[in-house]
Structures are given as structure tokens and as C-alpha cells.
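Heads up, the thing below is written out as C-alpha cells.
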Amino acid sequence: MERFVALDSFRGLLAVAVVLFHTYVAQAASENPLIANAYLFVEFFFVLSGFVLMHTYETRLRSPNDYRDFAIGRSARILPLHLAMLALYVLLETGRLLAERLGITFNDPAFSGATGPEQFLPNLLLLQSWLGEAITGSFNYPSWSISIEYYLYLVFGLLVLKGQGHHRQWFLVIALLAFLQLLFPVLPLKTEIFRGLSCFFGGACTYRLYVWIKTRQPEQFGGTLLEVACLIAATAVMTSDLPVAKKGVLASLVFCFTILTFAFERGLISSVLHHGVFVRLGVLSYSIYLGHAAVIFVFKSAVIVLGKLLHQDFTVVAPSHDVPVPFMIRYIATGSPLLDNLLVLLELATVLALACLTHRYIEIPGMALGKRLVRQRRTPPLCEGKIQPQP
């Protein structure tokens, strides 16, 4: 099956951009207009997921058994790392609780607000982005998008299975209606739901456009100039002063076209993205994305503790660059641009090191378990008293 190497590399690079978005180090180079809008790269992830799932599974979901295998495979891909990071976050909150008992205080008390006990079950079940009473960015906050994506996988599979050949039309309708909801809100549901619906099913529709072009005149689409134009357009939209909703929708459409362009891999940038370091980032992208918040938590907590010990505050409270409503957040501020940038590099290196470990010891075994479960379900039991012929 065709593999979109350049798109996988993109996923890794943008996961790194999201890490930089969340570092919040005052005088670091990461505090620039593009990274300040890197929350929009989650839209890219949604679009790419819809594109890749359409490519991989559209022709493979023909029976309830196929759907069961699909659900097992997707669950084995998503859940082990999610559960491990949730457990790690609980452990970190426990450490913060112990520090508070030693007289070291942080922004909020341990196990309160976004890490309150009532937020644990929604996070455990990946429902934090769906339930109105749950805090979307609670515990391991990047998992909010995994909460959306996991259940979109299941909906996708059902629509392909039960759509009686009309699933493509359904995907287009869902994407268009979700985009309209983002622009003109009517339903009293979380915005994140419609960010996922619009982009995921928009990505599925983009894949069908890719197939249509590829079966006709693929040599006339793509190339270096179009790849560069896509990157310029994406940067321009992300750094624009458009209202949040319009910027998000426009960025999503630009991402659809960008993914369509790079899927053909006919330009110089695509060739560069085939190089080893970028491919490796793509492999690690899920671990980078889900693991980085814990690393940032540790670094920021360590800076606060160090400040307490030295009787000097190395942090400053300022408006975040998050959306839709910026909130006050504690930035690390050493007072030195050099130290701030070195700290960001150290955080990023730690995130990558952790990602290597979690990919090797959690992601890969999880995927292997999923494959074993599918094989066991497909393998007929040995009949008692009979010897099965060898294949």
C-alpha cells in the first residue's frame, strides 16, 4: 500500500511546533507569530488523519468483522500511550501534592481545576472533549484532540460500513456542516467537536480528490512551486489578524490543499522530507505530541522550585497565546535570552528522548498486541480430536 512519507514527516515537524507552542519561555525564539498560532496545526493533524484513514480503510471495511478488526487496531494504536501518559500525569500531580506539603506552592493546588478528581474518568474514557461538564484541556491536555479523533475513527468506520456506498457524500456533508457551525455557531456543543468533524472528514474528501487527480493527469499536479506556495499560504493565514473562527476554517482549507499537494511528492521540499531525521520525527510524532506536556510540567515545576530555593522568581505571569480566549499563564523568564533559548532546546531534547522511549516500549508493543488480537480472532479454534492441516 502506498505510503505518504512526506506527509508523515510533516506530522513530526508540526508535532515539534506544538511542543514549542506550549513551552512558554519568555525570551526564547519560539515566541514568534508562527509558533504562537501553532494551535492550528491540530487542524492539520485532523485533516491528515482523515486522508490517511480513507486511503487505508475505505476498501477494507466490508463486514462487521472488518469493523471489529478496525476498532481493535485503532484502539491498540491510540489507547496504550494515552493511558500511560494519563498515569504519568497523575504521578506528577502526586509529586506536586507532596511538594505543597513541604511548603512549595504552584499556580493551583494539586488535583484541583483541570486535574481535579472529577476530570479523571472523562480523561480515562477519552470523553473530555465531548462532555460539556468536562474540562477539555484537563490532565494531559494535548489528549483533547485524541479524545475527538478516537471517536471519529469509530464513526468513520461505521459510515463506510453502513453507508451503502454513499459514505463519500456523507463525509462531504458532515465536513461542510461542521465548517458552517464553526463560522456561524448554532449548536451548544464544544467547538473542538466541530474542529475535528470539519477537518477529519475534509481530509477524507481530500483523499478522494487525490485519487481523482491521480487517475487522470497526476503529472500536471504538484511540484516545487506549488509546495512553496502552500507553505507561504499556510504561514500567511496562520499569522494573519483574522478572527479566530475564520482563521481556523481558512487554515483548515489551506491544509487540505497542502496535504493534497504533498501527497504527490513531486517537489523539492517533498524530497527533503524523505531524509532520515524528518522520517524519524514522523515515526515519533504521536509520542512527541502526547508526551510533551508532562516534560514541560516537570521543567516549569523545577524552575519554580529553584526560584524558591534561591529566593528569586524565574517566572512571570502573562496572557497566553492560546485560543479562543487567551488566559493568564506562567512563563519561564530567566532574564537572559540565551538561557531561555537553551532551556527550550533542553526541553525539546527531553521530549524527543522520552518519545523514543515511549515509542519503543509503549507504542510498538501496543500495536503488536492489536495485531495479535486480530489474528487470534481470525484464527479458527482447533477441533477436538482432529489435526489441522499445516499451511
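Across region 3-18, what is the total count of residues that are farther than 15 Å from T258 by Cα and among the basic types (K, R)?
Summing the residues that are farther than 15 Å from T258 by Cα and among the basic types (K, R) in region 3-18 gives 1.
What are the pairs, 6+ residues apart or on separate chains, where a residue within region 210-232 that is on the phi > 0 side of the Ramachandran plot has its Cβ under 7 Å from a residue that is assigned to a helix (DSSP H, G or I)?
G222/T261
So which helices (runs of 4 or more DSSP H) stay within region 1-107 end to end and still have 3 or more residues that are touching a residue at least 60 places away in the same chain (Cβ under 8 Å) and either closer than 30 Å to S336 by Cα or small (G, A, S) (or both)?
Where helices (runs of 4 or more DSSP H) fall fully within region 1-107 and carry at least 3 residues being touching a residue at least 60 places away in the same chain (Cβ under 8 Å) and either closer than 30 Å to S336 by Cα or small (G, A, S) (or both), they are 5-23, 33-36, 64-101.
Within region 353-368, track down each residue that is more than 14 Å from R280 (Cα to Cα), small (G, A, S) and loosely packed, with under 15 Cβ neighbours inside 10 Å.
Hit for region 353-368 is A368, nothing else.
Determine which single condition T258 fails, assuming it passes every other condition in (1) under 21 Å from L159 (Cα atoms); (2) touching a Cys at 6+ places or on another chain (Cβ under 8 Å).
(1)
If you take the residues in region 238-257 that are assigned to a helix (DSSP H, G or I) and without any contact (Cβ under 8 Å) to a residue 60 or more places away in the chain, which one is farthest from I35 (Cα to Cα)?
So, considering only residues that are assigned to a helix (DSSP H, G or I) and without any contact (Cβ under 8 Å) to a residue 60 or more places away in the chain, the one farthest from I35 (Cα to Cα) is F257.
For region 267-298, which positions are hydrophobic (A, V, I, L, M, F, W, C), touching a residue at least 60 places away in the same chain (Cβ under 8 Å) and farther than 18 Å from L83 by Cα?
Within region 267-298, I269, L273, F278, V279, L281, V283, I296, V298 qualify.
Given the criterion among the acidic types (D, E), surrounded by fewer than 20 Cβ atoms within 10 Å (Cβ to Cβ) and touching a Lys or Arg at 6+ places or on another chain (Cβ under 9 Å), identify the matching residue among D108, D66.
D66
Specify which of the listed residues (L209, L161, L154) is over 25 Å from L273 (Cα atoms), at pLDDT 95 or above and not hydroxyl-bearing (S, T, Y).
So the residue among L209, L161, L154 that is over 25 Å from L273 (Cα atoms), at pLDDT 95 or above and not hydroxyl-bearing (S, T, Y) is L154.
Go through I269, I288 for me and flag whichever is crowded, with 16+ Cβ neighbours inside 10 Å, over 21 Å from the mean Cα position of the chain (by Cα) and part of a helix (DSSP H, G or I).
I269
Looking at I296, is it buried (at least 16 other Cβ atoms within 10 Å of the Cβ), modelled with pLDDT of 90 or more and not basic (K, R)?
In short, yes.
Can you name every residue in region 114-135 that is without any contact (Cβ under 8 Å) to a residue 60 or more places away in the chain, touching a helix residue (DSSP H, G or I) at 6+ places or on another chain (Cβ under 8 Å) and part of a loop (DSSP other than H, G, I, E, B)?
L126, L127, Q128, L131, A134, I135
How about region 136-224: which helices (runs of 4 or more DSSP H) wholly inside it have at least 3 residues that are of a type in the set (D, E, K, R) and either touching a Cys at 6+ places or on another chain (Cβ under 9 Å) or surrounded by 14 or more Cβ atoms within 10 Å (Cβ to Cβ) (or both)?
191-214
The values are calculated or read from the model by the stated rules, or taken from the named source; none is laboratory data. Everything numeric here is computed off the predicted structure, so don't read it as measured data. Cβ sites come from the backbone with ideal geometry, for glycine too, and all protein chains shown count toward neighbours.
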